[in-house]
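Working notes, structure below.
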Amino acid sequence: MLAIGSKAPDFELPDQNGESRTLEQYRGKKVILYFYPKDNTPGCTKQACNFAELYPQFREKDAVVLGVSKDSVASHKKFEEKYGLPFPLLADPKHQVIEAYDVWKEKTVFGKTGLGVVRTTYLIDENGIIEKAFSNVNAADNPAQMLAEI
């Protein structure tokens, strides 16, 4: 996990519409950058839908929510449309940003050990500095937790 108080690595990734997004474009706003394992899985769906439900409150606080997984742009588009997600989902199939944010780790799922995304959420301040970092977050509770943090 990246250190609190360190500069958040900038990135450029396509969202579910193929539009290029960078961290720099959100300078001046708080950014909730959450990493999740896979579109359309139970935990990831619950997390995304809870962020969507609270999204108006994040906007009231001038905060941006960005989801990142290794899924493709097309997968993200289907996920967004199926659940009406109002925020960008960033596609990182080569794990560049996932690895830069130190969330690609060995983990055990259903008794099998392998590399994958550890569900992690960073709160990045208006100047691009990591303000808070949470690893192995509870998918359902994480959105409310992040709203309380800002």
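The set of residues in the stretch 100-121 being without any contact (Cβ under 8 Å) to a residue 24 or more places away in the chain, charged (D, E, K, R) and surrounded by 10 or more Cβ atoms within 10 Å (Cβ to Cβ) consists of Lys105, Lys107. Name the residues in the stretch 103-130 that are part of a strand (DSSP E or B) and either modelled with pLDDT of 90 or more or of a type in the set (A, V, I, L, M, F, W, C) (or both), would you? The answer is Trp104, Lys105, Val109, Leu115, Val117, Thr120, Thr121, Tyr122, Leu123, Ile124, Ile129, Ile130.
Does the stretch 50-65 contain at least one residue that is of a type in the set (Val, Ile, Thr) and either touching a strand residue (DSSP E or B) at 6+ places or on another chain (Cβ under 6 Å) or under 20 Å from Glu131 (Cβ atoms) (or both)? Yes, the stretch 50-65 contains at least one residue that is of a type in the set (Val, Ile, Thr) and either touching a strand residue (DSSP E or B) at 6+ places or on another chain (Cβ under 6 Å) or under 20 Å from Glu131 (Cβ atoms) (or both). Annotation note: of Ala63, Ala8, Ala52, Ala48, the sole residue that is closer than 16 Å to Ser75 by Cβ and either modelled with pLDDT of 95 or more or of a type in the set (Asp, Glu) (or both) is Ala48. Only one of the numbered conditions (1) within 12 Å of the chain's Cα centre (by Cα); (2) at positive phi; (3) of a type in the set (Asp, Glu) is not met by Asp92, and that is (2).
The values are calculated or read from the model by the stated rules, or taken from the named source; none is laboratory data. Note that the structure is a prediction, hence the values are computed from the model and not measured. Using ideal geometry, Cβ is built from the backbone for each residue, glycine included, and neighbour counts are taken over all protein chains shown.
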